[in-house]
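Visitor: My questions will all concern the structure given below.
Laboratory data are not the source of any read-out in this text; all were calculated from the coordinates shown. Worth saying up front: this structure is predicted, and the values here are computed from it rather than measured. Counting neighbours? That spans all protein chains shown, and the Cβs are built from the backbone with ideal geometry, glycine included.
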């Protein structure tokens with residue numbers, strides 16, 4: 001069953017952010033775009049490369065009015081330890097959510113219950129708290145922050161321009177499509 005259009009369920013988790021422990025709830029998502037980036041584990045291999053990539057592009061997400069949250073089943077204490085010891089993870093400025101009970105990962109359908117780790121799931125959530133885009137990869141398949149940014153731009157364009165659609169590899173400023181009978185068989 002697709003998660004598109006699903007409203008984010010109420011949640012409350014601990015997080016590590018800006019050298020502090022904080023609490024994040026679904027209320028923190030309200031009124032803005034959000035990206036949830038689930039990953040398997042701190043102190044692992046592919047995960048730091050992905051999170052460093054997101055950290056590199058974080059200001060671009062912020063310019064688009066989008067907050068980024070990285071999420072694993074590790075605790076906020078482990079997030080801090082990883083942040084303090086890894087040169088790649090030290091670059092992170094976005095909140096690192098702790099989901100040791102796996103509640104968020106279960107709700108977003110990315111929890112591998114045998115390993116008690118999240119698959120590599122990226123979710124875009126609109127200001128109404130609904131999922132508008134997601135991708136889920138197996139443990140060994142890394143993602144691209146640039147592609148997540150591209151999808152965010154397309155999701156925002158579609159939301160702001162009802163009736164328009166963004167073709168494959170669309171980027172802001174490029175032509176869009178207006179679905180209708182006149183377009184049938186023309187592409």
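Visitor: Want the number for residue 157 to residue 107: 0.36 nm per residue separation, take away the alpha-carbon distance, what's left?
Guide: Additional length available on full extension: 15.3 nm.
Visitor: On to the next question. When the chain is treated as a GNM, springs tying every alpha-carbon pair under 10 Å, which of 168, 145, 154 comes out with the largest mean-square fluctuation?
Guide: 168
Visitor: Can you compute the modelled spin-label distance between residue 64 and residue 168, with each label point 7 Å from Cα toward Cβ, in nm?
Guide: My value for the distance between the label points is 2.0 nm.
Visitor: If I build a Gaussian network model for the chain, linking alpha-carbon pairs within less than 10 angstrom, which residue out of 95, 167, 48 has the largest mean-square fluctuation?
Guide: 167
Visitor: Rounded to two decimals, what ratio of Rg to Rh does segment 122-187 give with C-alpha atoms and a Kirkwood Rh?
Guide: On the Cα set of segment 122-187, Rg over Rh gives 1.03.
Visitor: A follow-up question, please. Which log10 I(q)/I(0) values does the chain give at q = 0.08, 0.13 Å⁻¹ under the Debye formula, counting every alpha carbon as one identical point scatterer?
Guide: Cα-only, vacuum Debye calculation for the chain: -0.26, -0.66.
Visitor: Counting pairs of Cα atoms in segment 1-62, how many percent are more than 12 Å apart?
Guide: Across segment 1-62, Cα pairs with separations above 12 Å total 79 percent.
Visitor: Per-residue ellipticity at 222 nm for the chain, helices alone: DSSP H runs ≥ 4 residues times -39500 (n - 2.57), over residue total, nearest 500 deg cm²/dmol?
Guide: One gets -7500 deg cm²/dmol as the mean residue ellipticity at 222 nm.
Visitor: Just to confirm my numbers, what's the Cα centroid distance between segment 106-130 and segment 1-47 in Å?
Guide: Using only Cα atoms, the two centres lie 9 Å from each other.
Visitor: Compute the helix-to-body angle for 46-56: its Cα long axis versus the longest principal axis of the chain, expressed 0 to 90° and rounded to tens.
Guide: 60
Visitor: Separate question: Could you give the length gained on full extension between residue 176 and residue 114, defined as 0.36 nm per residue of separation minus the Cα-Cα distance, in nm?
Guide: Once the chain is fully extended between residue 176 and residue 114, it gains 18.0 nm.
Visitor: Using only Cα atoms and rounding to the nearest 10 degrees, what angle (0 to 90) does helix 145-160 make with the longest principal axis of the chain?
Guide: Here the helix axis deviates by roughly 50 degrees.
Visitor: Among DSSP bridges having both ends in the chain, what percentage is antiparallel? Round to the nearest 5.
Guide: Just about 70 percent of them are antiparallel.
Visitor: Provide the FRET efficiency to the nearest 0.05 for the residue 77-residue 45 pair, computing r from the beta carbons and using R0 = 25 Å.
Guide: Here the calculated transfer efficiency is 0.75.
Visitor: Would you look at the GNM of the chain, springs on alpha carbons closer than 10 Å, and say which of 158, 132, 110 moves the most?
Guide: Fluctuation is largest for 158.
Visitor: At a Förster distance of 22 Å, what's the computed FRET efficiency of residue 135 paired with residue 32, Cβ-Cβ distance as r, to 0.05?
Guide: That pair, residue 135 with residue 32, gives E of 0.60.
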